[in-house]
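Novice: Below is a structure I'd like to ask you about.
The values are calculated or read from the model by the stated rules, or taken from the named source; none is laboratory data. These figures come from a predicted structure and were not determined experimentally. Counting neighbours? That spans all protein chains shown, and the Cβs are built from the backbone with ideal geometry, glycine included.
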């Protein structure tokens with residue numbers, strides 16, 4: 001039986017969507033236990049009582065505009081902090097929150113703790129591709145700066161994740177660069193290229209360009225946190241912009257357009273779903289000693305459910321333990 | 001009368017689309033002359049003879065897979081090289097090519113020559129926003145690495161361009177960063193932030209995030225060439241991915257979806273046009289001594305025409321001369 005600590009108070013629709021997602025997951029998976037951290041009275045309003053769900057009450061919570069590191073240090077009884085401490089003290093095996101991303105990163109680093117020989121944990125998400133298979137990208141913004149050694153570790157961790165959690169054999173690893181030729185990029189890319197090319201434990205396919213990410217050019221894409229953050233946010237912004245433009249164009253297009261949109265409803269819904277990250281779970285803070293997963297602040301119950309399913313798979317496959325073992329046996333220069 | 005040197009042999013549909021775009025522009029604008037560089041017989045197949053269009057014949061051309069700097073040095077009679085040399089020797093005022101981007105950058109740097117005190121010319125394009133106004137972003141990939149001083153120059157050059165060419169008064173300048181707070185980012189962003197905030201000649205509005213670019217959060221967005229390249233290619237890839245997915249979803253959706261798409265034709269065409277960069281012209285290599293503009297390799301006649309219109313505006317407003325004057329009077333530390 002695996003125990004998942006859930007911050008019930010983080011996110012735009014907390015605790016309702018969090019608790020409703022927990023209700024769904026506890027029904028679907030008979031091998032997990034969930035501990036909810038937060039305001040007991042508010043949680044109980046939505047919770048379907050279940051023997052495998054318990055509540056740890058607290059009045060305190062971290063807000064979305066709190067300064068992350070300070071909030072973690074000062075709000076010692078915040079729901080997120082208590083949940084992280086439970087993981088540290090082995091009372092729980094994994095942590096889920098939809099709250100303040102920076103605070104969750106800080107809780108991961110400082111409370112749960114880093115894996116041995118991983119200097120810089122990173123954010124990994126499975127992002128959508130046209131064929132529906134998706135790709136794993138890291139770092140999506142846990143760090144503002146990275147070294148070639150960090151990116152090499154991300155390639156190894158990303159491969160672990162794609163293989164264990166998504167069931168992809170010999171995942172193809174690409175280095176995000178400003179061209180596909182091996183000589184491309186700044187010193188960070190050039191040095192990383194050498195490290196990846198000489199590591200036989202991963203299936204490195206060379207440089208990949210941002211233009212080709214959605215066509216599934218690689219299963220795992222590594223980049224520094226600054227670029228990863230910019231690429232992720234550009235994807236989100238472009239998708240939102242296009243869907244918004246289509247909508248206003250339909251609204252301005254008179255009865256023909258409106259009838260057309262009605263008939264196209266199925267296709268448009270399908271399109272929206274294919275762009276919906278919530279189905280593939282949340283962003284994993286990879287490199288800390290246990291699964292710590294951030295689900296989107298605007299997550300609904302379905303997204304929370306999907307993220308709990310993802311965490312369950314991570315626990316079942318022991319992907320984090322395997323990564324811990326891999327990196328603990330390494331020399332210092334990795 | 002302004003003279004534009006046009007590389008007739010660069011791009012996927014050269015010389016046809018290039019020459020047809022020239023035919024359109026020469027009709028539309030009575031104050032420009034065009035010199036076409038390339039294979040005379042092939043050019044004449046498409047050219048509508050005109051007293052303000054001349055041809056300089058050459059058999060040689062730079063291919064899309066040629067190594068840029070070597071190609072510029074060795075293929076001394078390539079159409080792109082001859083066109084660049086004409087600009088250097090003041091036989092023409094500006095250069096247009098749809099060919100090898102790297103080679104055009106090299107031709108700009110090494111043949112046309114840099115502006116005084118600009119170390120690193122950069123690529124600027126007007127990219128689409130939801131409201132149709134667009135924003136200017138640089139560097140889009142001329143450089144793999146940049147310093148805070150480069151980014152400061154880009155803010156000044158981008159402001160010049162937005163004001164002179166697009167007619168925006170006091171253009172709002174944003175620094176692309178991984179958060180909007182002033183303390184965000186790596187050392188490059190932090191130092192650039194200080195430089196931009198203390199320069200009263202530009203209207204700096206602070207950090208902007210990639211998610212908000214398409215909503216028109218700023219008129220000018222500055223970033224390093226590596227990030228700019230990744231953001232531009234992510235926009236292209238995401239837009240292509242979404243449109244492709246919508247199309248296949250319609251094709252798979254039976255008669256209802258097909259009828260719906262027929263009725264929605266106008267809206268879908270409008271959407272496609274709003275994402276179409278070709279209407280706003282090409283990418284300007286800003287920081288060299290004359291307008292050097294790259295139009296997309298897959299440009300059709302309309303895109304070539306739009307880019308010639310853009311170059312004409314640049315020449316009319318003397319935006320490059322004004323930038324030259326601005327930077328020649330500066331202290332060395334800029």
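Novice: Out of B:62, B:34, B:18, which single residue is assigned by TED's automatic domain parsing to the domain that holds residue B:84 and free of Cβ contacts under 8 Å to residues at least 60 places away in the same chain?
Specialist: One residue alone meets the criteria, B:62.
Novice: Condition first: over 17 Å from residue B:92 (Cα atoms) and crowded, with 24+ Cβ neighbours inside 10 Å. Now tell me which residues in the stretch B:1-40 satisfy that. Lay out the reasoning, then the answer.
Specialist: Within the stretch B:1-40, the subset over 17 Å from residue B:92 (Cα atoms) is B:9-21, B:23-24, B:27-28, B:39-40.
Listed by number, the residues that qualify are B:9, B:10, B:11, B:14, B:15, B:18, B:19, B:21.
Novice: With the stretch B:239-326 as the region, which helices (runs of 4 or more DSSP H) entirely inside it contain at least 1 residues that are crowded, with 18+ Cβ neighbours inside 10 Å and more than 14 Å from chain A (Cβ to nearest Cβ)?
Specialist: The qualifying helices (runs of 4 or more DSSP H) are B:301-317.
Novice: Could you list, in sequence order, all residues of the stretch A:171-203 that are farther than 16 Å from residue A:148 by Cβ and away from chain B (no Cβ under 13 Å)?
Specialist: A:171, A:172, A:200, A:201, A:203
Novice: Somewhere in the stretch A:127-141, is a residue under 19 Å from residue A:323 (Cβ atoms), under 17 Å from the mean Cα position of the chain (by Cα) and not in a strand (DSSP E or B)?
Specialist: yes
Novice: Kindly evaluate residue B:48 against the criterion of being crowded, with 20+ Cβ neighbours inside 10 Å and either within 22 Å of the chain's Cα centre (by Cα) or farther than 21 Å from residue B:110 by Cα (or both).
Specialist: Working: crowded, with 20+ Cβ neighbours inside 10 Å: no; either within 22 Å of the chain's Cα centre (by Cα) or farther than 21 Å from residue B:110 by Cα (or both): yes.
Answer is no for this residue.
Novice: Could you list, in sequence order, the residues of the stretch B:209-224 that are buried (at least 24 other Cβ atoms within 10 Å of the Cβ) and either in contact with a strand residue (DSSP E or B) (Cβ under 6 Å, 6 or more places away or on another chain) or outside any loop (DSSP other than H, G, I, E, B) (or both)? Steps first, please.
Specialist: From the stretch B:209-224, those buried (at least 24 other Cβ atoms within 10 Å of the Cβ) are B:210, B:213-214, B:218-224; that's our starting set.
Correct list: B:210, B:213, B:214, B:218, B:219, B:220, B:221, B:222, B:223.
Novice: Would you say residue A:70 is closer than 27 Å to residue A:125 by Cβ and without any contact (Cβ under 8 Å) to a residue 12 or more places away in the chain?
Specialist: yes
Novice: Among (1) at pLDDT 95 or above; (2) in a loop (DSSP other than H, G, I, E, B); (3) touching a strand residue (DSSP E or B) at 6+ places or on another chain (Cβ under 8 Å), there is one condition residue A:90 misses while meeting the rest; what is its number?
Specialist: Checking residue A:90 against (1) at pLDDT 95 or above; (2) in a loop (DSSP other than H, G, I, E, B); (3) touching a strand residue (DSSP E or B) at 6+ places or on another chain (Cβ under 8 Å), the one that fails is (3).
Novice: Then there is this: Please pick out the residue among B:108, B:102 that is buried (at least 24 other Cβ atoms within 10 Å of the Cβ), under 29 Å from residue B:65 (Cα atoms) and in the same structural domain as residue B:319 (by TED's automatic domain parsing).
Specialist: Criteria check complete, one pass: B:108.
Novice: Within the stretch A:51-75, track down each residue that is surrounded by 20 or more Cβ atoms within 10 Å (Cβ to Cβ) and part of a loop (DSSP other than H, G, I, E, B).
Specialist: A:58, A:61, A:62
Novice: Could you tell me whether residue A:228 is under 20 Å from residue B:238 (Cα atoms), under 26 Å from the mean Cα position of the chain (by Cα) and buried (at least 23 other Cβ atoms within 10 Å of the Cβ)?
Specialist: yes
Novice: Hey, among A:8, A:107, which residue is in contact with a strand residue (DSSP E or B) (Cβ under 7 Å, 6 or more places away or on another chain) and either closer than 18 Å to residue A:299 by Cβ or touching a residue at least 40 places away in the same chain (Cβ under 8 Å) (or both)?
Specialist: After applying the criteria, what remains is A:8.
Novice: Has the stretch A:149-168 got at least one residue that is farther than 16 Å from residue A:193 by Cα, assigned to a strand (DSSP E or B) and touching a residue at least 24 places away in the same chain (Cβ under 8 Å)?
Specialist: Within the stretch A:149-168, none of the residues are farther than 16 Å from residue A:193 by Cα, assigned to a strand (DSSP E or B) and touching a residue at least 24 places away in the same chain (Cβ under 8 Å).
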